[in-house]
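The structure appears right after this line, and notes come after that.
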Amino acid sequence: MSGTLNKVMLIGHTGDEVKMHYFEGGNCIGGFPLATNDSYVNKTTGERVTSTEWHNIVVRNKAAEICEKYLKKGDKVYIEGRLKTRKWQDEQGKDRYSTEIQCTDFTFLTPKNEGQHSEIVPEKQPTMGNTPSVSTPQSVTSSPTEMEEDDLPF
C-alpha cells in the first residue's frame, strides 16, 4: 500500500441538470454541481447559522449517461469519489485552479415517488468494468427463516 488515501463521500442536492460532453469514439463526461449544508447554533446569539458548500461532480461514460437520464435539479444523491485539482490559465494569463470530485460510485437518494420528475429509476443498474455501481436505497429486512441461528445475545 502506498500509504495515501484520496476519498470523498458526499450526500447533497444537485444544483443543476447534468451537463454532458461527448467525444469521438463514444466516450462521454458529465458534470453537475452538488450542494452540501452545514448548520450550527451561534452560542452568543442563539441563532442557527447554515452554510452551503458547492462541489463540482464529474462522472464518466455509462455512469454519466445514467446520471443524465435520472438525476434532476434538487435531487438528493450520495457520491463517492476522489479529489482532482486542475490548473488552467484565464484570459489574462493568470493561473487558476479548479477542484472537482471525480465520481467512482453513486446512489440516488430521492425516492421515486418524490422529486420533480416522473421518470422511473430502475431498481438495479448493470455494472460494467470500472463503471460505478448504481443502486437506489432499499430497506433490508430478513425473515426469521433467512437468519442463521447462533448463540450470540444480539
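Coordinate-derived values only; no laboratory data. What you see is a predicted model, and the numbers here were worked out from it, not measured in a lab. Virtual Cβ from ideal backbone geometry, glycine too; neighbours counted across all protein chains shown.
Rounded to the nearest 0.05, what FRET efficiency is calculated for K94 and E17 with R0 set to 22 Å and r the Cβ-Cβ distance? Here the calculated transfer efficiency is 0.15. Fully extending the segment from Y78 to N27, taken as 0.36 nm per residue of separation minus the present Cα-Cα distance, adds 16.0 nm.
Extending 7 Å from Cα along the Cβ direction at E53 and again at Q102 yields two label points whose distance is 2.1 nm.
Considering only the other residues whose Cβ falls under 14 Å of the Cβ of Q89, what net charge follows from Lys and Arg at +1 and Asp and Glu at -1? So the environment of Q89 carries a net charge of +1.
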